[in-house]
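Asks: Pasting in a structure now, in structure tokens, and then I'll have a few things to ask.
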Amino acid sequence: MAVEIPALIKPSRLRSRGGLLGECLAEFLGTFVLISFGCGVVAMAVAALPGSGRAATPTTIFLAAGDWLLITFGWAFAVVFGVYVAGGVSGAHLNPAVTLAMAVRRGFAWAKVLPFWFSQVAGAFVGAALVYLVYHDAISAYDHAVPGPKVNGHTNATFSIFATFPAAYFHGGIWGPLIDQIVGTAFLLMLIAAVVDLRNQAVKANLAPLIVGFAVAAIGMSYGANAGYAINPARDFGPRLFTYSAGWQSLAFPGSVSGVFSAYWWIPIVGPLIGGTIGILVYDLFIGDVLVVRAEMAELPEPGRTRPVKEVDEEEY
């Protein structure tokens, strides 16, 4: 139901927000929502549910696949509502990899790239701070209960609430996690491009954010365990900055756990930026360009046919 809502601030004082400033504010708030719900669901799984007596022990996490599904769907909903919040103003990139891909292939102004990136990282930082404010007691209880290696009293498990790290089976190698981030983000941008392409099977009734959320859930279910499926430099870097300032220190920067991985912080930044560009290029090469040519030819053959069916005029015989 549409309702006319008066502005909180006089329109004459809002004109400065009509351009890039307003778009950056939208990116900030949308990314803030994304991280608040995304990192919030991980805090539930890692610290709050065990610490509140709703798990087998105060330190029991990821006992079954359902725990992972909680996180994948939590992040999916985080994306959905972040996009709904910011989409009408900025297009809701909420991800530097999306911003870069749109600049490379969709005419997004290069002059806006850095301001968007800054807004996204800032929103992610503040979102992580909110999660820490809400779950500080649960995080402290978990870190106190776990006997394992700690940095300044914090564990890698509670660090995982905010940022990502690679699985132990990579043995500290770079290429496995880097390829994982490239592949995951390539799929993300490929699917986003398909969803928003009006020449393709366009999503109707403003359901595009929901479908993009499903895409994030699918990537998490299929490729999440390798390196936490950051697939978004701001999603990892902003909370990583916060955790460094909040006491996780070397777990955040340079992103090291003795004997497991070291200097990991740059991989969730570089991998998604590469992967996002590859993903949108692949979509345009295989699908986008074909749709452009068909539109120019104004000939749309039936699905599965190689060329239009020609109608035969009986008068020709």
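The values are calculated or read from the model by the stated rules, or taken from the named source; none is laboratory data. Since we're looking at a predicted model, the values are computed, not measured. All Cβ positions, even for glycine, are placed from backbone atoms using ideal geometry, and neighbour counts span all protein chains on display.
Asks: Just to verify a result, which residue in the range 232-257, among those that are free of Cβ contacts under 8 Å to residues at least 60 places away in the same chain and assigned to a helix (DSSP H, G or I), is farthest from residue 272 (Cα to Cα)?
Replies: My answer is 245.
Asks: Looking at 124, 92, 97, which is the one that is within 16 Å of the chain's Cα centre (by Cα), closer than 23 Å to residue 207 by Cα and not in a loop (DSSP other than H, G, I, E, B)?
Replies: 97
Asks: Which residues, taken from the range 100-113, are assigned to a helix (DSSP H, G or I), closer than 18 Å to residue 285 by Cβ, over 18 Å from the mean Cα position of the chain (by Cα) and not β-branched (Val, Ile, Thr)?
Replies: 105
Asks: Give me the residue from the range 193-228 that is assigned to a loop (DSSP other than H, G, I, E, B) and polar (S, T, N, Q) and, out of that set, surrounded by the most Cβ atoms within 10 Å (Cβ to Cβ).
Replies: Filtering the range 193-228 down to residues assigned to a loop (DSSP other than H, G, I, E, B) leaves 197-207, 224-228.
Those left that are additionally polar (S, T, N, Q): 200-201, 206, 226.
Details: 200: 15, 201: 9, 206: 10, 226: 18.
Of everything passing the filter in the range 193-228, 226 is surrounded by the most Cβ atoms within 10 Å (Cβ to Cβ).
Asks: Please find, within the range 89-110, the residue that is surrounded by the fewest Cβ atoms within 10 Å (Cβ to Cβ) out of those that are free of Cβ contacts under 8 Å to residues at least 40 places away in the same chain and farther than 22 Å from residue 184 by Cβ.
Replies: The extreme case among them is 107.
Asks: Under 6 Å between Cβ atoms, at least 6 apart or on separate chains: pull out the pairs that start in the range 187-213 with a residue that is at pLDDT 90 or above and end on any residue that is of a type in the set (Phe, Trp, Tyr).
Replies: 190/283; 193/283; 209/84
Asks: Then there is this: Scan the range 226-239 for residues that are more than 15 Å from the chain's Cα centre (by Cα) and either modelled with pLDDT under 95 or closer than 18 Å to residue 135 by Cβ (or both) and jot them down.
Replies: none
Asks: Restricting attention to the range 46-71, report how many residues are buried (at least 20 other Cβ atoms within 10 Å of the Cβ) and within 17 Å of residue 224 (Cα to Cα).
Replies: Of the residues in the range 46-71, 2 are buried (at least 20 other Cβ atoms within 10 Å of the Cβ) and within 17 Å of residue 224 (Cα to Cα).
Asks: When you look at residue 252, is it more than 18 Å from the chain's Cα centre (by Cα) and not charged (D, E, K, R), yes or no?
Replies: When the stated conditions are applied, residue 252 passes them.
Asks: Residue 144 versus (1) assigned to a helix (DSSP H, G or I); (2) touching a helix residue (DSSP H, G or I) at 6+ places or on another chain (Cβ under 8 Å): which is the lone unmet condition?
Replies: Answer for residue 144: the failing condition is (2).
Asks: Just checking, how many residues over the range 258-270 are surrounded by fewer than 22 Cβ atoms within 10 Å (Cβ to Cβ) and part of a loop (DSSP other than H, G, I, E, B)?
Replies: Start the filter on the range 258-270 by keeping residues that are surrounded by fewer than 22 Cβ atoms within 10 Å (Cβ to Cβ), which leaves 258-260, 262-263, 265-266, 269-270.
Applying the additional criterion that residues be part of a loop (DSSP other than H, G, I, E, B) yields 258-260, 262-263, 265-266.
Looking only at that region, the number is 7.
Asks: With the condition kept exactly as written, say whether any residue in the range 271-283 is more than 17 Å from residue 164 (Cβ to Cβ), without any contact (Cβ under 8 Å) to a residue 40 or more places away in the chain and either not in a helix (DSSP H, G or I) or not acidic (Asp, Glu) (or both).
Replies: Looking for residues that are more than 17 Å from residue 164 (Cβ to Cβ), without any contact (Cβ under 8 Å) to a residue 40 or more places away in the chain and either not in a helix (DSSP H, G or I) or not acidic (Asp, Glu) (or both), one finds none in the range 271-283, hence no.
Asks: If you go through the range 131-185 one residue at a time, how many are under 30 Å from residue 277 (Cα atoms) and either of a type in the set (Phe, Trp, Tyr) or under 21 Å from the mean Cα position of the chain (by Cα) (or both)?
Replies: Narrowing the range 131-185 to residues under 30 Å from residue 277 (Cα atoms): 159-185.
From the residues that got through so far, the ones that are either of a type in the set (Phe, Trp, Tyr) or under 21 Å from the mean Cα position of the chain (by Cα) (or both) too are 159-167, 169-170, 175-185.
The total comes to 22.
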